[in-house]
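Report on one structure; see the data block that follows.
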Amino acid sequence: MKFQLPETLPVTSAELSRLADDAKAEIAVYNARKAAGDEFTPADVDRLEYLVNAVDTIAGAQAAAVETETAEADRMAGLLDRAAATTQPAETDAPADTDVATEVTEEAAAEVVEPTCTNVDGSCGNVVHAVPLFALY
């Protein structure tokens, strides 16, 4: 169960996570021994220091791996979007916004128009005035 940090660290975050879990499992043994009241030898202290330093090293490599993997995933998504755009037909004119037209129509329909003309005799109503056509020119 002795953890050994490899000379060359894995490059993926998943592999680094497994490696960190192995080191943390051995650290957990030291924590359990402490809880049980065990005494630690100088070799135990050196080993625990090695394990804690290994976890720190792995954590740094894992952060870099996650950053690289995220950047590569973003790059791939962008390239796939561009590729999809080149294979799709161009969009035609966007459909008209019918909500605005509906709102205006509904408002106009709700508006009641009262007659505003007043006849010579004081009555109000639809009056047709006969105007000779030659008077319009």
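Read the figures in this text as sums done on the coordinates, not as results from a lab. Values in this document were obtained by computation on a predicted structure and should not be read as measured data. Ideal geometry is used to build each Cβ from the backbone, glycine not excepted, and the neighbour counts take in all protein chains shown.
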Distance between modelled label sites at N31 and K2, nm, 7 Å Cα→Cβ extension: 2.4
Taking only C-alpha positions in region 13-87, Rg and Dmax in angstrom work out to 20.3, 69
Backbone HN-Hα couplings from phi across region 56-62 [Karplus 6.51/-1.76/1.60, Hz, Gly and Pro as x]: 4, 4, 5, 4, x, 5, 5
Length added when fully stretched, A71-T57, from 0.36 nm per residue minus Cα-Cα: 2.9 nm
Obtain the nm distance between the two label points defined at D44 and R82 by a simple spin-label model: each point lies 7 Å from its Cα along the Cα-to-C-beta direction. 5.9
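For the ranges 38-44, 25-31, 15-21, what's the packing order if you count other beta-carbon atoms within 10 Å of each residue, average per peptide, and put the highest first? Mind showing how you got there, number by number?
Numbers: 38-44: 9.7, 25-31: 13.7, 15-21: 16.9.
Highest mean packing first, the order is 15-21, 25-31, 38-44.
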Computed magnitude of the charge dipole of region 13-87 (debye, nearest 20; Cβ of K, R +1, Cβ of D, E -1): 180
